[in-house]
1. At 0.36 nm per residue, minus the direct Cα-Cα distance, what do A190 and R132 gain on full extension? Give it in nm, one decimal, please.
2. At a 10 angstrom cut-off on C-beta neighbours, averaged per residue, how do the peptides 334-346, 287-299 rank from highest to lowest?
3. Give me the percent of Cα-Cα pairs in the chain that sit more than 37 Å apart, rounded to a whole number.
4. Report, in whole Å, the centroid distance computed from the Cα atoms of segment 325-362 and segment 186-205.
5. Considering only DSSP beta bridges with both partners in the chain, what is the antiparallel share in %, to the nearest 5?
6. Could you give log10 I(q)/I(0) at q = 0.15 Å⁻¹ for segment 78-196, computed by the Debye formula over C-alpha point scatterers of equal weight, without solvent?
7. Label 7 Å along Cα→Cβ of R209; segment 219-236 residues with amide nitrogen under 17 Å?
8. Along the Cα-to-Cβ line of D17, 7 Å from the Cα, sits a label point; which residues in segment 86-110 have backbone N less than 14 Å from it?
Amino acid sequence: MIDVFQSLARRGLFLLDPEAAHGVSIKGLKTGLVPACAAPADPRLVQTVAGLSFANPIGLAAGYDKNAEVPEALLRLGFGFTEIGTVTPKPQAGNDKPRIFRLVEDEAVINRLGFNNEGHQAALQRLKTCDRKAMIGVNIGANKDSADRIADYVTGIRTFYGVARYFTANISSPNTPGLRDLQARESLSALLSAVLAARDEEAKKAAIRVPVFLKIAPDLTEEGMDDIAAVALEHSLEGLIVSNTTLSRDGLKDQQQAKESGGLSGKPLFEKSTIVLAKMRKRVGPDLPIIGVGGVSSAETAAEKIRAGANLVQLYSCMVYEGPSLPGKIVRGLSALCDREKLNSISDIRGSRTDYWAGKNA
Ligand SMILES: Cc1cc2nc3c(=O)[nH]c(=O)nc-3n(C[C@H](O)[C@H](O)[C@H](O)COP(=O)(O)O)c2cc1C
């Protein structure tokens, strides 16, 4: 019955422009119209990462709930965690519309939103009303017209320190000109020094250390990956999120929409982002947490991210195609995999196919 409801709802949403459909889905979550479909709790799926206990390893990636309007409703869909943002200090409108495109045949999305968001204060006020134990991460970025981008990230840490369970410094959106340059060795080192110094100061005041993750692009050279790994380890960063959207258009069926500029996500990103994840796992060793993102559409693809070396997994685009029951389905599927393979923990498969994925070319 829930499946019938969801397939009808999805057909209706697909008649709308993608950004309008997104707004309707947020309203649905706000009003409780979207049925909750969480899977039963399974201790084999509980993961401790960067000192935090996640009820299951499947999270909602940044960009869906940019303004922290519905984080708790999203957790009720069965996600083990959700990430709000990217938020920037000042509100900003983003790029001109239309700026989100569905590639239906490819089960993909291209977006060039450009960090449209209501700014720090709006998100902060909403997060203050949430349960402090809810596993909500805050993804921080810089305003397009910022004179000091690093200062914007530092402001993000200080502003959200009391409400974020973890932070993600997003330096990998392709839609803010020059942002990805922060991935270069020296700029990244300067960014992490400033961000982690602010975190350490706040940690002293609050007597709680909130972990900081870094979200990277899938469009990196081998040398670029070497640099990020070296800087992350040097600064004792708590984790990496691999990856954001890609500028590549390889292998797409919808050649018309493929011409739109912006970042590509969804199924066609799976292979590339999983290769970069495994290559980063090889570089940073077994202990640094990695969150695998890109093209996850099923329990099998989520499990493959873990086999490639991920501690946790996130998704966004495939939920546009599969509907809000997707997280629950994936979590059930991971429990079934634990049954089949007689695993005590889903983490027992972690890294079993890192070599396979790292040996491929992204
Ligand atoms: C419409 C849209 C908006 C996004 N906005 C953000 C964002 O604000 N910050 C960010 O870090 N990632 C953003 N992303 C990237 C996703 O978080 C994710 O890294 C990427 O889409 C790959 O995962 P997926 O294939 O499961 O969608 C966005 C993705 C989409 C499709």
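The values are calculated or read from the model by the stated rules, or taken from the named source; none is laboratory data. Note that the structure is a prediction, hence the values are computed from the model and not measured. We place every Cβ from the backbone using ideal geometry, glycine too, and count neighbours over all the protein chains shown. Quick note on the areas: whole protein, heavy atoms, side chains included, nothing else; ligands and nucleic acids left out. Shrake-Rupley method; radii C 1.70, N 1.55, O 1.52, S 1.80 Å.
1. Working it through step by step, the gained length comes to 17.8 nm.
2. 287-299, 334-346
3. 11
4. The distance from the Cα centre of segment 325-362 to that of segment 186-205 comes to 33 Å.
5. Among the beta bridges of the chain, antiparallel pairing accounts for roughly 30 percent.
6. Normalising to I(0) and taking log10 leaves -0.73.
7. The answer is 232-236, whose backbone nitrogens lie closer than 17 Å to the label point.
8. What the label zone holds, given the 14 Å backbone N cut-off, is 95-102.
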